[in-house]
Amino acid sequence: MYRGSSNSALDLPSGRICRQKFVVLWIVLLLSGLSPDAGAQTFPEEYQVKAAFLFRFAQFVDWPANVLNTGDSSLKLCIFEDEPRRQEFQSTIEGKSIGSRVIHVRQINQSKEIRSCNILFLSRDEAQRQTAILKSLRGMPVLTVGETDNFLSDGGMIRFHLEADKIRFDINLDGAESSHLKISSRLLLLATSVTQSSTPISGK
(Lines give C-alpha, C1' and ligand atoms only; values in the text may rest on other atoms or scores of the structure.)
Protein backbone atom coordinates (compact mmCIF):
# COMPACT_ATOMS: atom_id res chain seq x y z
CA MET A 1 0.00 0.00 0.00
CA TYR A 2 1.29 3.43 -0.92
CA ARG A 3 0.99 6.03 1.79
CA GLY A 4 1.39 9.75 1.37
CA SER A 5 3.78 11.83 3.40
CA SER A 6 3.45 15.17 5.11
CA ASN A 7 6.52 16.12 3.06
CA SER A 8 4.30 16.91 0.07
CA ALA A 9 3.47 20.41 1.29
CA LEU A 10 5.30 23.42 2.66
CA ASP A 11 4.00 26.46 4.55
CA LEU A 12 4.94 29.86 3.16
CA PRO A 13 5.48 32.75 5.59
CA SER A 14 2.77 35.35 5.77
CA GLY A 15 5.14 38.32 5.97
CA ARG A 16 4.94 40.29 2.73
CA ILE A 17 8.51 41.63 2.95
CA CYS A 18 10.32 38.29 3.23
CA ARG A 19 7.86 36.12 1.30
CA GLN A 20 9.61 36.41 -2.06
CA LYS A 21 13.00 35.47 -0.59
CA PHE A 22 11.50 32.40 1.06
CA VAL A 23 9.78 31.35 -2.17
CA VAL A 24 13.10 31.53 -3.99
CA LEU A 25 14.79 29.54 -1.22
CA TRP A 26 12.19 26.77 -1.32
CA ILE A 27 12.36 26.54 -5.10
CA VAL A 28 16.12 26.12 -4.77
CA LEU A 29 15.56 23.36 -2.21
CA LEU A 30 13.13 21.57 -4.52
CA LEU A 31 15.46 21.82 -7.49
CA SER A 32 18.46 20.67 -5.46
CA GLY A 33 16.89 17.33 -4.61
CA LEU A 34 15.47 17.95 -1.15
CA SER A 35 11.79 17.30 -0.50
CA PRO A 36 10.30 20.17 1.52
CA ASP A 37 6.58 20.80 1.59
CA ALA A 38 5.21 23.58 -0.60
CA GLY A 39 2.50 26.05 0.26
CA ALA A 40 0.62 28.45 -2.01
CA GLN A 41 0.20 32.18 -1.75
CA THR A 42 -0.22 34.46 -4.77
CA PHE A 43 -0.52 33.03 -8.28
CA PRO A 44 3.08 33.82 -9.34
CA GLU A 45 4.45 32.16 -6.21
CA GLU A 46 2.10 29.19 -6.50
CA TYR A 47 3.11 28.45 -10.07
CA GLN A 48 6.81 28.89 -9.40
CA VAL A 49 6.48 26.18 -6.78
CA LYS A 50 4.38 24.00 -9.12
CA ALA A 51 7.04 24.40 -11.79
CA ALA A 52 9.65 23.22 -9.30
CA PHE A 53 7.44 20.23 -8.52
CA LEU A 54 7.25 19.41 -12.24
CA PHE A 55 11.03 19.37 -12.31
CA ARG A 56 11.06 16.94 -9.38
CA PHE A 57 8.39 14.76 -11.02
CA ALA A 58 10.58 14.42 -14.10
CA GLN A 59 13.39 13.09 -11.93
CA PHE A 60 11.21 10.27 -10.64
CA VAL A 61 9.64 9.10 -13.89
CA ASP A 62 11.15 6.70 -16.42
CA TRP A 63 10.12 6.96 -20.05
CA PRO A 64 10.43 4.02 -22.47
CA ALA A 65 13.93 3.76 -23.91
CA ASN A 66 12.77 4.46 -27.45
CA VAL A 67 10.94 7.66 -26.49
CA LEU A 68 13.83 9.90 -25.46
CA ASN A 69 15.83 10.57 -28.61
CA THR A 70 19.50 9.83 -28.05
CA GLY A 71 20.37 12.54 -30.54
CA ASP A 72 18.40 15.16 -28.60
CA SER A 73 19.28 15.86 -24.98
CA SER A 74 16.12 17.83 -24.25
CA LEU A 75 13.20 16.84 -22.05
CA LYS A 76 10.19 18.76 -23.34
CA LEU A 77 7.67 20.26 -20.91
CA CYS A 78 4.73 21.56 -22.93
CA ILE A 79 2.21 24.24 -22.05
CA PHE A 80 -0.29 25.93 -24.33
CA GLU A 81 0.82 29.31 -25.59
CA ASP A 82 -2.21 30.99 -24.00
CA GLU A 83 -1.24 29.65 -20.57
CA PRO A 84 -1.33 32.77 -18.34
CA ARG A 85 1.39 31.44 -16.02
CA ARG A 86 3.88 30.43 -18.73
CA GLN A 87 6.43 32.97 -17.49
CA GLU A 88 6.56 31.30 -14.08
CA PHE A 89 7.34 27.94 -15.67
CA GLN A 90 9.98 29.32 -18.00
CA SER A 91 11.77 31.39 -15.38
CA THR A 92 11.82 28.57 -12.85
CA ILE A 93 12.88 25.45 -14.77
CA GLU A 94 13.89 26.35 -18.34
CA GLY A 95 17.38 24.95 -18.95
CA LYS A 96 17.55 22.91 -15.72
CA SER A 97 19.41 19.62 -16.07
CA ILE A 98 18.26 16.13 -15.16
CA GLY A 99 21.24 13.87 -15.67
CA SER A 100 22.29 14.27 -19.29
CA ARG A 101 19.01 15.91 -20.26
CA VAL A 102 17.90 19.52 -20.16
CA ILE A 103 14.33 20.66 -19.58
CA HIS A 104 12.95 23.01 -22.20
CA VAL A 105 9.56 24.67 -21.76
CA ARG A 106 7.82 24.48 -25.11
CA GLN A 107 4.74 26.52 -25.95
CA ILE A 108 2.30 24.75 -28.24
CA ASN A 109 -0.85 26.01 -29.95
CA GLN A 110 -2.34 22.88 -31.50
CA SER A 111 -3.38 19.61 -29.91
CA LYS A 112 -1.55 17.61 -32.57
CA GLU A 113 1.76 18.95 -31.22
CA ILE A 114 1.20 17.26 -27.86
CA ARG A 115 2.48 13.85 -28.91
CA SER A 116 5.99 15.25 -29.27
CA CYS A 117 5.97 16.32 -25.61
CA ASN A 118 7.46 14.40 -22.69
CA ILE A 119 5.44 16.26 -20.05
CA LEU A 120 2.22 18.18 -20.56
CA PHE A 121 0.86 20.62 -17.99
CA LEU A 122 -2.82 21.52 -18.22
CA SER A 123 -3.92 24.30 -15.90
CA ARG A 124 -7.52 24.79 -14.83
CA ASP A 125 -7.82 27.25 -17.72
CA GLU A 126 -7.71 24.27 -20.10
CA ALA A 127 -10.73 22.60 -18.49
CA GLN A 128 -12.92 22.86 -21.58
CA ARG A 129 -10.54 20.93 -23.80
CA GLN A 130 -8.96 18.77 -21.11
CA THR A 131 -11.12 15.68 -21.69
CA ALA A 132 -10.44 15.61 -25.43
CA ILE A 133 -6.71 16.19 -24.97
CA LEU A 134 -6.30 13.43 -22.40
CA LYS A 135 -8.35 11.05 -24.51
CA SER A 136 -6.06 11.69 -27.48
CA LEU A 137 -3.03 10.84 -25.33
CA ARG A 138 -4.21 7.49 -23.99
CA GLY A 139 -1.42 4.97 -24.34
CA MET A 140 1.08 7.66 -25.30
CA PRO A 141 4.22 8.09 -23.12
CA VAL A 142 3.46 11.68 -22.13
CA LEU A 143 3.37 12.53 -18.42
CA THR A 144 0.23 14.59 -17.89
CA VAL A 145 -0.10 16.96 -14.93
CA GLY A 146 -3.16 19.09 -14.19
CA GLU A 147 -5.30 20.85 -11.62
CA THR A 148 -9.02 20.25 -12.15
CA ASP A 149 -11.13 18.05 -9.88
CA ASN A 150 -11.79 15.53 -12.66
CA PHE A 151 -8.25 15.47 -14.05
CA LEU A 152 -7.45 11.95 -12.86
CA SER A 153 -10.85 10.52 -13.79
CA ASP A 154 -10.33 11.95 -17.29
CA GLY A 155 -7.13 9.93 -17.54
CA GLY A 156 -4.54 12.43 -16.29
CA MET A 157 -1.60 11.12 -14.26
CA ILE A 158 -0.72 13.69 -11.59
CA ARG A 159 -3.15 16.24 -10.17
CA PHE A 160 -2.19 19.25 -8.06
CA HIS A 161 -4.65 20.34 -5.40
CA LEU A 162 -4.63 22.72 -2.46
CA GLU A 163 -5.23 21.51 1.04
CA ALA A 164 -5.09 23.97 3.92
CA ASP A 165 -3.26 26.40 1.60
CA LYS A 166 -0.64 23.79 0.78
CA ILE A 167 0.15 22.34 -2.61
CA ARG A 168 -0.32 18.59 -2.66
CA PHE A 169 -0.71 16.07 -5.44
CA ASP A 170 -2.48 12.82 -6.28
CA ILE A 171 -1.25 10.16 -8.71
CA ASN A 172 -3.18 8.00 -11.16
CA LEU A 173 -0.76 5.08 -11.35
CA ASP A 174 -3.01 3.16 -13.73
CA GLY A 175 -2.89 6.05 -16.19
CA ALA A 176 0.89 6.22 -16.06
CA GLU A 177 1.39 2.49 -16.45
CA SER A 178 -1.04 2.26 -19.36
CA SER A 179 1.14 4.85 -21.11
CA HIS A 180 4.32 2.86 -20.35
CA LEU A 181 5.66 5.34 -17.82
CA LYS A 182 7.24 4.12 -14.59
CA ILE A 183 6.80 6.34 -11.54
CA SER A 184 9.33 5.84 -8.75
CA SER A 185 8.06 4.54 -5.42
CA ARG A 186 9.77 7.56 -3.83
CA LEU A 187 7.35 9.87 -5.62
CA LEU A 188 4.36 7.63 -4.86
CA LEU A 189 5.14 7.91 -1.16
CA LEU A 190 4.88 11.69 -1.34
CA ALA A 191 1.44 11.67 -2.98
CA THR A 192 -1.70 12.37 -0.97
CA SER A 193 -3.30 9.41 -2.72
CA VAL A 194 -2.42 6.90 -5.43
CA THR A 195 -5.08 5.40 -7.69
CA GLN A 196 -4.27 1.86 -8.77
CA SER A 197 -6.59 -0.69 -10.34
CA SER A 198 -9.42 1.86 -10.03
CA THR A 199 -9.00 1.96 -6.27
CA PRO A 200 -7.72 5.19 -4.64
CA ILE A 201 -5.17 4.54 -1.88
CA SER A 202 -5.21 7.48 0.47
CA GLY A 203 -2.15 8.79 2.20
CA LYS A 204 -4.23 10.20 4.97
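Numbers below:
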item: Subset of segment 93-111 [farther than 15 Å from GLN59 by Cβ and in a helix (DSSP H, G or I)]; result: SER111
item: All positions within segment 142-198 that are among the basic types (Lys, Arg) and either in a helix (DSSP H, G or I) or under 23 Å from SER111 (Cα atoms) (or both); result: ARG159, ARG186
item: PHE89 modelled with pLDDT of 95 or more and buried (at least 22 other Cβ atoms within 10 Å of the Cβ); result: no
item: Residue pairs meeting the criteria (Cβ under 9 Å; at least 6 apart or on separate chains; first under 13 Å from VAL49 (Cβ atoms), in segment 153-167; second among the basic types (Lys, Arg) and surrounded by 14 or more Cβ atoms within 10 Å (Cβ to Cβ)); result: PHE160/LYS50; PHE160/ARG168; LEU162/ARG168; ILE167/LYS50
item: Residue in segment 72-86 that is assigned to a helix (DSSP H, G or I) and either surrounded by fewer than 21 Cβ atoms within 10 Å (Cβ to Cβ) or modelled with pLDDT under 95 (or both) present; result: yes
item: Residue check, ARG101 more than 20 Å from GLY156 (Cβ to Cβ) and surrounded by 13 or more Cβ atoms within 10 Å (Cβ to Cβ); result: yes
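The values are calculated or read from the model by the stated rules, or taken from the named source; none is laboratory data. Worth saying up front: this structure is predicted, and the values here are computed from it rather than measured. We place every Cβ from the backbone using ideal geometry, glycine too, and count neighbours over all the protein chains shown.
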